[in-house]
Amino acid sequence: MQYPIYRPRRTRRNETLRRMVRETRLSPDNFIYPLFAVHGTGVRREIGAMPGVFQLSVDEIVRECREVHDLAIPAVILFGIPDRKDERGSEAYDPNGTVQKAAAAIKDALPDLMVITDVCLCEYTSHGHCGIVENGEVLNDPTLELLAQTAVSHAQAGADIVGPSDMMDGRVAAIRDALDDEGFSDVVIMSYAVKYASAFYGPFREAAESTPQFGDRRAYQMDPPNAVEALREAALDIEEGADIIMVKPALPYLDIIARIRERYDMPLAAYNVSGEYSMVKAGAKLDWIDGERVMMESLVSIRRAGAQMILTYFAKEAAKLLG
Ligand code: PBG
């Protein structure tokens, strides 16, 4: 017998064969599209480092959601930008906040599009941190109350899923308790269980106007070199009642996604964050890479690592290519 007997190239010879042996597929079903809600009407303000991504008023958000829905993308996640910020981030839990208004308007227009809301205080606080600050420190337990209040106000506005992204300890349990007490036991919690203190969030902070005014988030978000700790974070959120767990960012943390997929039998999401988007857009603009191919390869690699949901600014573009 002649070597080699097994030739892996045999099943790569043409696109039909490749299609038959393909292990991972991308579909618009996998995508969650992030949207930034501002006050006013007719507002459509593009983010400098995120071409194609806009701060949108509620009327524009509804328009955008119709397009998302037509592309068969099942869900959007809302971030709010308030007119006024204060020490306690009051607009986060104001029934007339931008996220609450946007959630209600979307559910009214498109009842079967899933509305996810980001539950955090950093867009709403004058200091830009994700909780109550005292003597330069972000206080954990007093913040839980405000996060729970925020989640309940989102549920009252019609949110189907709430996504706590603050990284305070014990917030999933506090939010689950508050939602159940208020009669929202059906509202899903998608927790940012494993969220790293990442430089890849840079462009988002411009979009959400949420850059910390002093210090950074390293005292509450995870340290990038840690992996075992990520498993512990995931375990905690699952115990506290999270329905979906998330890893964030996605591409620099594919190892974490894969380890969590192996260990836990929970729906798993990954956030392909702003910096991951901006780098592809910048490289493509310079003609240094093929933007479309890099986008599709990145998204399928996140699926291959084990996430079934991908929060991504590429959602519409990728869905169009898949459609
Ligand atoms: C809020 C929040 C952030 C992101 C999602 N929710 C920023 C941060 O923690 O500073 C980042 C998303 C992105 O970069 O696309 N806490």
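The values are calculated or read from the model by the stated rules, or taken from the named source; none is laboratory data. Because the structure is a prediction, the values reported are computed rather than measured. Don't worry about glycine lacking a Cβ; one is built from the backbone with ideal geometry, like all the others, and counts go over all protein chains shown. The protein model used for the area step is the full one, side chains on, heavy atoms only, and it has no ligands, DNA or RNA in it. Shrake-Rupley method; radii C 1.70, N 1.55, O 1.52, S 1.80 Å.
Can you work out which of the residues in segment 116-131 that are in a strand (DSSP E or B) and of a type outside the set (D, E) is nearest to the ligand (Cβ to nearest atom)?
Checking each candidate, the answer is V119.
I need the full set of residues from segment 136-166 which are open to solvent by less than 10 Å² (accessible area, probe 1.4 Å) and either on the phi > 0 side of the Ramachandran plot or among the charged types (D, E, K, R) (or both), in order please. The answer is D166, and nothing else. Filtering segment 253-275 down to residues that are part of a helix (DSSP H, G or I) and crowded, with 24+ Cβ neighbours inside 10 Å, which residue is nearest to the ligand (Cβ to nearest atom)? Among those that are part of a helix (DSSP H, G or I) and crowded, with 24+ Cβ neighbours inside 10 Å, it is S274. With respect to the numbered conditions (1) more than 14 Å from the ligand (Cβ to nearest atom); (2) touching a Lys or Arg at 6+ places or on another chain (Cβ under 9 Å); (3) small (G, A, S), which one is the sole condition not fulfilled by S191? That leaves (1) as the condition not met. Scanning segment 177-236 for residues that are part of a helix (DSSP H, G or I) and under 15 Å from the mean Cα position of the chain (by Cα), which turns out surrounded by the fewest Cβ atoms within 10 Å (Cβ to Cβ)? The selected residue is G202.
For R303, the stated conditions hold: it is in contact with a helix residue (DSSP H, G or I) (Cβ under 8 Å, 6 or more places away or on another chain) and either open to solvent by 10 Å² or more (accessible area, probe 1.4 Å) or modelled with pLDDT under 95 (or both).
Among residues of segment 198-210 being more than 8 Å from the ligand (Cβ to nearest atom) and at pLDDT below 95, the one that is farthest from P82 (Cα to Cα) is E206. Would you say R25 is part of a helix (DSSP H, G or I), modelled with pLDDT of 95 or more, in contact with a helix residue (DSSP H, G or I) (Cβ under 8 Å, 6 or more places away or on another chain) and open to solvent by 30 Å² or more (accessible area, probe 1.4 Å)? Considered against the rule, which asks whether it is part of a helix (DSSP H, G or I), modelled with pLDDT of 95 or more, in contact with a helix residue (DSSP H, G or I) (Cβ under 8 Å, 6 or more places away or on another chain) and open to solvent by 30 Å² or more (accessible area, probe 1.4 Å), R25 comes out as no. Is one or more of the residues making up segment 62-74 in a strand (DSSP E or B), out of contact with any Leu (no Cβ under 7 Å at 6 or more places or on another chain) and not β-branched (V, I, T)? No - not one qualifying residue is present in segment 62-74. Restricting segment 144-176 to residues that are in a loop (DSSP other than H, G, I, E, B) and among the charged types (D, E, K, R), the residue that is nearest to V119 (Cα to Cα) is D166.
Could you tell me which residue of segment 237-252 is most open to solvent (accessible area, probe 1.4 Å), considering only residues that are more than 16 Å from the chain's Cα centre (by Cα) and not charged (D, E, K, R)?
Restricting attention to segment 237-252, the residues satisfying the condition of being more than 16 Å from the chain's Cα centre (by Cα) are 237-241.
From what is left, the residues that are not charged (D, E, K, R) are 238, 241.
Values: I238: 46, G241: 24 Å².
Filtering segment 237-252 for residues that are more than 16 Å from the chain's Cα centre (by Cα) and not charged (D, E, K, R), the one most open to solvent (accessible area, probe 1.4 Å) comes out as I238.
Consider V99 against the criteria (1) farther than 30 Å from L321 by Cβ; (2) assigned to a helix (DSSP H, G or I); (3) open to solvent by less than 10 Å² (accessible area, probe 1.4 Å): it satisfies all of them except one. Which criterion is unmet? Checking V99 against (1) farther than 30 Å from L321 by Cβ; (2) assigned to a helix (DSSP H, G or I); (3) open to solvent by less than 10 Å² (accessible area, probe 1.4 Å), the one that fails is (1). Show the residue pairs that are 6+ apart or on different chains and have beta-carbon atoms under 7 Å apart, the first residue being within segment 197-218 and under 22 Å from L251 (Cα atoms), the second being part of a loop (DSSP other than H, G, I, E, B) and polar (S, T, N, Q). These pairs meet every condition: A197/Q221; R205/T211.
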